[in-house]
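See below for the structure under consideration.
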Amino acid sequence: MDAAWLAGPVTTLNPQNQPGSAHVHTPLGAKEVAAALPKAIEAVRQTGQTVLWVCDPMHGNTETTTGGIKTRRFENILKGAGSGVPHPRRAGILSGGVHIELTGDDVTECTGGARGLTDQDLQRAYRSDRGSRAWNHEQALELAMLIAERSHSRRA
């Protein structure tokens with residue numbers, strides 16, 4: 001979908017513009033979020049609709065290693081989660097959070113993070129059978145803490 005197309009469903013699905021009734025889920029990767037998200041925000045702003053924006057840096061950042069294993073890289077998820085709208089309030093949007101796929105299990109389906117998982121680590125505990133690459137608990141907590149730090153520094 002492009003930004004111009006987005007205006008149609010936003011208006012159709014919430015014709016009375018009731019706050020909290022519509023949200024836009026943005027599955028954008030690190031390479032596209034900085035260019036695509038501001039255009040989408042502006043398209044919705046021009047409709048006068050109020051929507052809740054939910055960032056989804058997971059789906060747009062899936063890649064395949066040279067060994068054929070699908071994975072996601074921590075640095076791309078972090079970039080995708082924060083580079084599209086550095087200051088949501090200044091952009092005039094309601095930030096509804098960040099969608100991440102995680103498990104409490106000690107999986108190695110995504111690389112990076114504080115433990116520095118590499119492509120070679122993926123085979124140790126790669127358990128994904130549905131095509132979804134989940135973060136382990138350490139990666140999820142690290143991302144949450146980094147997003148919280150950024151959010152705190154924006155408010156200050």
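The values are calculated or read from the model by the stated rules, or taken from the named source; none is laboratory data. On a predicted model such as this, the values are computed, not experimentally measured, just so you know. With ideal geometry, Cβ positions are generated from the backbone for all residues, glycine too; neighbour counts draw on all protein chains shown. The accessibility values were calculated without ligands, DNA or RNA, using every heavy atom of the protein model including side chains. Shrake-Rupley method; radii C 1.70, N 1.55, O 1.52, S 1.80 Å.
Tabulated results
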read-out	value
Residue that is assigned to a helix (DSSP H, G or I), modelled with pLDDT of 75 or more and over 19 Å from the mean Cα position of the chain (by Cα), where the choices are 106, 121	121
Selection count, the stretch 19-56, where residues are free of Cβ contacts under 8 Å to residues at least 24 places away in the same chain and either outside any loop (DSSP other than H, G, I, E, B) or closer than 16 Å to residue 100 by Cβ (or both)	1
Among residues of the stretch 32-55, those that are of a type outside the set (A, V, I, L, M) and in contact with a Gly (Cβ under 8 Å, 6 or more places away or on another chain), counted	5
Residues that are under 22 Å from the mean Cα position of the chain (by Cα), open to solvent by 60 Å² or more (accessible area, probe 1.4 Å) and either under 21 Å from residue 97 (Cα atoms) or among the hydrophobic types (A, V, I, L, M, F, W, C) (or both), drawn from the stretch 2-18	4, 5
In the stretch 70-100, residue nearest to residue 145 (Cα to Cα) [restricted to those that are surrounded by 17 or more Cβ atoms within 10 Å (Cβ to Cβ) and at pLDDT 85 or above]	78
Residue match in the stretch 39-46 (condition: open to solvent by less than 60 Å² (accessible area, probe 1.4 Å) and acidic (Asp, Glu))	no
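Conditions tested, residue by residue: (1) touching a Ser or Thr at 6+ places or on another chain (Cβ under 7 Å); (2) closer than 21 Å to residue 142 by Cα.
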{"position": "43", "(1), (2)": "no, no"}
{"position": "55", "(1), (2)": "yes, yes"}
{"position": "59", "(1), (2)": "no, yes"}
{"position": "68", "(1), (2)": "no, no"}
{"position": "76", "(1), (2)": "no, yes"}
{"position": "96", "(1), (2)": "no, yes"}
{"position": "108", "(1), (2)": "no, yes"}
{"position": "119", "(1), (2)": "yes, yes"}
